[in-house]
Amino acid sequence: MKSIFLSDAHLKSRRDPCYRDLMRFLDSLCTGGVDQLFIAGDFFDFWFCKDHDVYPDFEEAIGKLVMLKEGGVQITLCEGNHDFFLDSYFGKKLGMTVCEDWAVIDLDSRKTLLAHGDLVDRKNRKYLMLRKVLRSRLFYEIQGKTPTAILWPLARLFSHTSRGLSLESENRLVQKMLTFSMDQFREGFDAVILGHSHEPFLKEFLMDGRRKTFATLGDWTRHKSYLVYEDGQFRLCYYQAPG
């Protein structure tokens, strides 16, 4: 089994070089023998969908995911702090798996916890309150009734606000995530894979005679990093554009 994990692409404009590189990378997965693609949040820099109408610049990226799914790749999306309310479109319309907070997956009998990671720091109360408001049923209904011409600028504003309240030193956040993961390992998980920190990091060690893996996925805005699981092994990789 070969699985790919990535997060924090923060897609906004098709003209962005990082957007173009990610589209090339997704194309390469069509012939790369990939069985599963896991997206651990913030694939889009913002997401609101009205009557199944999506932001025009996201259509190409969605098309790539559909192409992979039709080619037999199982796709799972975890919601991030920039893209949520994904299930009505990606789940119900496109038939992909959507996880709001945490996903428990099996990798060759290795119990793995996958999430965006924005819920790890329970002391950031301002951010957690904003998160609760933005994901409320009332807010969902309001955005569904908002004209598209207003909805997209509003989405970009909320994206900027969320980024400001969740801002923290990358190294410090990774350390908090590692501490969190150690607790999960003691609860029986063999691997914890998180996004959100924008810092690529991979650490493996033994605990009670079992191999444990902690990984943060980095991002596509600077690192173009992703995690590969194949033949029982994890590899942290970095995309290099051809030419």
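The values are calculated or read from the model by the stated rules, or taken from the named source; none is laboratory data. Everything numeric here is computed off the predicted structure, so don't read it as measured data. Every residue, glycine as well, gets a Cβ built from its backbone with ideal geometry; the counts of neighbours run over all protein chains shown.
Being at positive phi and of a type in the set (Gly, Ala, Ser): is that true of Gly195 here? It is false that Gly195 is at positive phi and of a type in the set (Gly, Ala, Ser). In the stretch 72-92, how many residues are at pLDDT 95 or above and over 19 Å from Ala115 (Cα atoms)? So the answer is 2. Residue pairs whose Cβ atoms lie under 7 Å apart, separated by 6 or more positions or on different chains, with the first residue in the stretch 49-76 and closer than 28 Å to Lys145 by Cα and charged (D, E, K, R) and the second part of a helix (DSSP H, G or I) and at pLDDT 95 or above, are Glu60/Met23.
Flag not set for Phe180, criterion: under 26 Å from Asp35 (Cα atoms) and either at pLDDT 95 or above or part of a helix (DSSP H, G or I) (or both). For the stretch 61-90, filtered to residues that are within 30 Å of Arg210 (Cα to Cα) and touching a strand residue (DSSP E or B) at 6+ places or on another chain (Cβ under 6 Å), the residue that is surrounded by the fewest Cβ atoms within 10 Å (Cβ to Cβ) is Gln74. Filtered by the rule that a residue be at pLDDT 95 or above, surrounded by fewer than 11 Cβ atoms within 10 Å (Cβ to Cβ) and either farther than 23 Å from Glu170 by Cβ or touching a helix residue (DSSP H, G or I) at 6+ places or on another chain (Cβ under 9 Å) (or both), the stretch 220-243 gives a lone residue, Gln233. Do we find that Leu217 is modelled with pLDDT of 95 or more and in contact with an Asp or Glu (Cβ under 9 Å, 6 or more places away or on another chain) in this structure? Spelling it out, Leu217 is indeed modelled with pLDDT of 95 or more and in contact with an Asp or Glu (Cβ under 9 Å, 6 or more places away or on another chain). Of the numbered criteria (1) within 21 Å of Arg222 (Cα to Cα); (2) in contact with a helix residue (DSSP H, G or I) (Cβ under 8 Å, 6 or more places away or on another chain); (3) of a type in the set (S, T, N, Q), the one Thr97 fails is (1). Checked against (1) in a helix (DSSP H, G or I); (2) exposed (fewer than 15 other Cβ atoms within 10 Å of the Cβ), Lys93 passes all but a single condition, namely (1). Could you please find all residues in the stretch 66-79 being under 28 Å from Lys132 (Cβ atoms) and touching a helix residue (DSSP H, G or I) at 6+ places or on another chain (Cβ under 9 Å)? Selection gives Ile75, Leu77, Glu79.
Considering only residues that are part of a loop (DSSP other than H, G, I, E, B) and among the small types (Gly, Ala, Ser), look in the stretch 7-51 and name the one that is farthest from Thr221 (Cα to Cα). Working first, answer last.
Our first condition is that a residue be part of a loop (DSSP other than H, G, I, E, B); within the stretch 7-51, this holds for 7-10, 12-16, 30-35, 40-43, 45-46, 48-49, 51.
Keeping just the survivors that are among the small types (Gly, Ala, Ser) gives 7, 9, 13, 32-33, 40-41.
On the way: Ser7: 10, Ala9: 6, Ser13: 12, Gly32: 23, Gly33: 25, Ala40: 15, Gly41: 14 Å.
By that ranking, first place goes to Gly33.
If you filter the stretch 4-36 down to residues that are surrounded by 22 or more Cβ atoms within 10 Å (Cβ to Cβ) and closer than 24 Å to Arg110 by Cβ, you find that the one that is nearest to the chain's Cα centre (by Cα) is Ser7.
Does the stretch 198-230 hold any residues that are assigned to a loop (DSSP other than H, G, I, E, B) and either on the phi < 0 side of the Ramachandran plot or without any contact (Cβ under 8 Å) to a residue 40 or more places away in the chain (or both), and which are they? I'd like the intermediate steps shown before the answer.
First, pick out the residues of the stretch 198-230 that are assigned to a loop (DSSP other than H, G, I, E, B): 198-199, 208-209, 218-224.
Across the stretch 198-230, the qualifying residues are Glu199, Asp208, Gly209, Asp219, Trp220, Thr221, Arg222, His223.
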